[in-house]
Structure formats: C-alpha cells, structure tokens
1. Being surrounded by fewer than 19 Cβ atoms within 10 Å (Cβ to Cβ), within 18 Å of residue 125 (Cα to Cα) and in contact with a helix residue (DSSP H, G or I) (Cβ under 8 Å, 6 or more places away or on another chain): is that true of residue 21 here?
2. Residue 71: assigned to a loop (DSSP other than H, G, I, E, B), touching a helix residue (DSSP H, G or I) at 6+ places or on another chain (Cβ under 7 Å) and either crowded, with 19+ Cβ neighbours inside 10 Å or modelled with pLDDT of 95 or more (or both), yes or no?
3. Any chance you could count how many residues in the stretch 119-142 are over 15 Å from residue 76 (Cβ atoms) and within 15 Å of the chain's Cα centre (by Cα)?
4. Applying the selection to the stretch 1-18, what residues are surrounded by 12 or more Cβ atoms within 10 Å (Cβ to Cβ) and not in a helix (DSSP H, G or I)?
5. Of the numbered conditions (1) under 15 Å from the mean Cα position of the chain (by Cα); (2) farther than 26 Å from residue 131 by Cα, residue 82 fails exactly one; give the number of that condition.
6. Checking residue 52 against (1) within 15 Å of residue 84 (Cα to Cα); (2) part of a loop (DSSP other than H, G, I, E, B), which test does it fail?
7. Identify all residues within the stretch 39-49 that are under 15 Å from residue 87 (Cα atoms) and part of a helix (DSSP H, G or I); write none if there are none.
8. Suppose we filter 36, 87 for residues that are at pLDDT 95 or above, surrounded by 20 or more Cβ atoms within 10 Å (Cβ to Cβ) and in a helix (DSSP H, G or I); which single one remains?
C-alpha cells in the first residue's frame, strides 16, 4: 500500500510540472505563427515528421492540464517525457556542447544548458512509472470502476 507521503509527492510533482509545461506549450500553440509554425520549424531544423511537432506542442498544453488534474497521468507523463527527451538531447545538447567559454568547466556548462528539460524529463519519467497517486482523478475513477463491475457481475448472477 502506498503511503500518504508518496501520494503527496506525486501530487506535488504533477502540479508543479503541469504549471511549468503549460506556458511553454501555450507559447508553441498560440505564439507567432501558432502550432503550424512550431511544427514546421521542428520538421525543417531537426528533420522530424510534421505531425510530431503538432503532437509535441499539444502534448505540452493538454498534457499539462491533464497532469495537474491527475487524469491519464502515466500516458501524459510518457508523452511529456518524450518531448523533454527531444528538447534536452536533440535540440539543446548540441548547442550546449559547442558553446563552452574558454576556461569553463564543460560538464557544468552543458548541464546548465539542458537543466530545465532534463529535470522535466526526470519528473515525467517518475510520474510515468509511479502514476498520479491517491490525490488524482485516475485514482478516483479507478475507485468507481470496480464498484460498477461488481454491480454488473451481481446483476448478471441474478438473471
């Protein structure tokens, strides 16, 4: 049985990650040129299929809202982990590797260049593995489903 502290930790991670993802995703969807511009940039600059740009932008907006609510938490977190993997290791890491000032400690400069997407990648991976916890809509809905299933089985036995 999960402890209350792990459920509170999942709630904290979900809400904070969702609040960070939301404005970043919104800027992709509602920014200059909208989601079409973001998707086209991803396709042109990184060779990704166009639909993945749309998926990434909308995953950050819709996924953030669902993450805060704790609905479809594992799926949301998995999609968001994918977007943060791409952001950290494909988009930002190459620049961070080559923009090290002379005399700087290279690993520190590189980590600083990818710190936010790396942290969000780790948070998303943790939520994909653990789920939303007891204080989520996933948990509330899971509590309703067995009751309906048991009622349906009882009704079937009466027939």
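The values are calculated or read from the model by the stated rules, or taken from the named source; none is laboratory data. Everything numeric in this text was worked out from a predicted model, so none of it was measured. Note that we place each Cβ from the backbone using ideal geometry, even for glycine, and neighbour counts take in every protein chain shown.
1. no
2. So residue 71 fits the description; yes.
3. 2
4. 2
5. (2)
6. All conditions pass for residue 52, except number (2).
7. Passing the criteria: 39, 41, 42, 43, 45, 46.
8. The match here is 87.
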